Amino acid sequence: MPSPNIIVRHEYFKPGDPQRDYYSSNGGAGKHDFLSYMDIGSKEDGKYLDFVDYEGNPEKSSGVFGPNGLMGQEEEAKARDTLRKSGAIVHSLVISTEHKFGLDNLKDSGKAERLLAKTFPKFLKATGFDVDNVFWVAALHENTDNRHIHVLFLEREPIYAKKGKDGYFYKWKGKLDPLAMKEWKGEMEKELLPKPMGIWDTRDKAVAEAKRAVLGANDYMNLQATLSKIYDAMPEDGRVGYESENMKGVRPLVDSATDIILTNSYLWPSIKEASAACKSYDDEVRERYQSYGAYAPREELIYRLYSEEMYRRCGNAIIKELIDLKGQERAIRRKYKNSYAAKHSGIATVLNAFADSARWSEKCEAEASLTVIWYKMKTKEFEIKKMAESGAISQEEASEAVAKIETELE
């Protein structure tokens, strides 16, 4: 099992605690406070004020940030005011990374901002805080061998009632849920681990290939029959998309079409490679979580997300093209006002985009093909005219019979 790449140290300071003034920016005029230290670094009488044991490197910080990004002077002043006026417990966290892991994966303040924006609210929620009632600030420090992020946070307002007591109170006594802490460390390492490269490029190329396949750009074995089944089964009304409720029964057919396209296309080797990279990444993430004593990530790992996204996007591409074909079919039916000959000539053009001639013949026979009916009617009309020319029937009888056929064709 790999060694953990992230260590989190937690301290908390209640009102009245001698150290709380420093962390809540109440150190007094002319004295440094912890927010200043987070921003630019601070030492007094040759000793660092932070509880991390620094090793003589020059102080270096990337600046204070919060949920909305890096803070300017005005925002920092407001943050200091919030810290000074609060009667809540002040929590201090140091998120420290293993030397090489931090150098490779926590390169700048922007990365630290994105890391906390993605994982810290989930951690707060998991440990029982009302996320909207938490104020927090942070800063990435690069002044030691191990890059680390300082975080200060507290409850904004006392919003909890206590049985038998008047007024509202802060919730926390200080300690944080240990299981939530383990999961958070695993989640942070998962976010910092480099993701497999190029996997979404393969997805986008697969979506483009799905569109081309529906329109007949490539001849995939068994695809035409599957597309024809989807075409027939798609609902006429309501929202028609891959995840739509009314497409639930059709979705397996759509997935089958995607399978045919993916496994038979030139993209298949790169898709297999991307899938293998995703699975390898997921295996590493699981090992990392276990190294912290956490069982598994709360969120889905990347292979499932990649696979589901591939099928969803390809499925929607297939459905969209078939919807367009259905629209063209309806337009042709309206334009020619139910003329069998005209309908067939137009609809065949539309449906041949995904159905070969053999499949089209089966479809026509199964549905009492408009083409077959038109052909039979026209043949009968031709025979009647020939009979009139030979004198077998009168011209008047022939005209009546042809008129009747024309009426049926209309």
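Details
- Flag if SER42 is at pLDDT 70 or above and surrounded by 15 or more Cβ atoms within 10 Å (Cβ to Cβ): no
- Whichever residue in region 244-271 is within 18 Å of LYS229 (Cα to Cα) and of a type in the set (D, E, K, R) and, among such residues, is surrounded by the fewest Cβ atoms within 10 Å (Cβ to Cβ): LYS248
- Out of ASP166, ASP145, one residue alone is touching a His at 6+ places or on another chain (Cβ under 9 Å) and surrounded by fewer than 20 Cβ atoms within 10 Å (Cβ to Cβ). It is ASP145.
Rundown of residues vs (1) within 26 Å of the chain's Cα centre (by Cα); (2) in contact (Cβ under 8 Å) with a residue 40 or more places away in the chain, yes/no style:
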residue: ASP132; (1), (2): yes, no
residue: GLY167; (1), (2): no, no
residue: LYS175; (1), (2): no, yes
residue: TYR231; (1), (2): no, yes
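- Residue check, GLY198 among the small types (Gly, Ala, Ser), over 17 Å from TYR37 (Cβ atoms) and without any contact (Cβ under 8 Å) to a residue 12 or more places away in the chain: no
- Exactly one residue out of LEU305, LEU322, LEU351 is of a type in the set (A, V, I, L, M), under 24 Å from VAL250 (Cβ atoms) and modelled with pLDDT under 80: that is LEU351.
- Applying the criterion of being touching a strand residue (DSSP E or B) at 6+ places or on another chain (Cβ under 6 Å) and among the aliphatic types (A, V, I, L, M) to the residues of region 67-88, the residue that is surrounded by the fewest Cβ atoms within 10 Å (Cβ to Cβ) is LEU70.
The values are calculated or read from the model by the stated rules, or taken from the named source; none is laboratory data. Note that this is a predicted model, so its numbers are computed, not measured. Don't worry about glycine lacking a Cβ; one is built from the backbone with ideal geometry, like all the others, and counts go over all protein chains shown.
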